[in-house]
Amino acid sequence: MIGARLAAAAMTFLAVAGSAAAFEISSPSVSDGKWEKKYIGNKIVGCDGQNIAPSLTWNDVPEGTKSLALTLYDPDALTGSGLWHWQVWNIPPSVTRFEEGKVPRGAIEGTADLNRRGYIGPCPRPGSGVHHYTFTLYAIKTPKLTIPRSSTPAMVGYNLNTNAIAKATVTYAYQR
C-alpha cells in the first residue's frame, strides 16, 4: 500500500515537473570554444571577422511577456567591468529566433560598448585567456521600452532588469 502511494506521488511529481516549461535560449551557430570567423568582431583589437550576429533560438517564453530584449556580455574583458557586445529591445513576444545577421522588424539595436550600434562579435586580446560570452534573453512586462538608442549599457540594463519577468541565459567561451 505504501509502495503504491509512493509510486502515485512520484508520478504526480513527474507530471507536474515535466509540464513546467523552461525559458531557454541557445545558438545553433556557435558552441563552446567554437565560433566561425564570420561571427568574430571586425576592426577591433586586430580581429578580422565579419561581425555577423549568430542565429539564436529560444522557447517557452513566460506567460505575461509583452516584449523581449537581448544582450550579449563578456565579463572577462580587460576593462575591469566587462564589455557589452549587443543590446536589442522591443522584440515582439511572438518571435522565437533571430536569423543569422538579422533582428526582427521593429526591434531596436542600441549602442553597445565601443560606441558601436548593433552586434559586436567576440575579439578578446591574444593571450587574455578564455572569455565567456553570455547571451541573455529578457521577458519584459511592457510592450515597449522607451530607451534612447544611444543610451549607455548601464541605462539599458537598468531598464531591462526593472521590467523583466524572467531571464534566460546561455554562455559560450572563446579564446584567441
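Can you give me the relative contact order of the chain as a percent, contacts being Cα pairs under 8 Å and 6 or more apart? Could the numbers behind the result be given before it?
Working: 382 pairs, mean separation 44.9, N = 176.
Relative CO of the chain lands at 26 percent.
Counted by neighbouring Cβ atoms within 10 Å, the residues K144, K38 run from fewest to most as K144, K38.
Counting every alpha-carbon pair across the chain, the share separated by more than 18 Å comes to 63%. When both region 104-119 and region 56-82 are represented by their alpha-carbon centers, they are found 13 Å apart.
From the largest down, region 22-89 spans 44, 27, 19 angstrom on the principal axes of its Cα atoms. For the chain, the longest principal axis of the C-alpha atoms and the axis of helix 2-19 are separated by about 30°.
Every number in this text was worked out from the coordinates using simple rules, so none of it is lab data. None of the values given here were measured: they were computed from a predicted structure. Ideal geometry is used to build each Cβ from the backbone, glycine not excepted, and the neighbour counts take in all protein chains shown.
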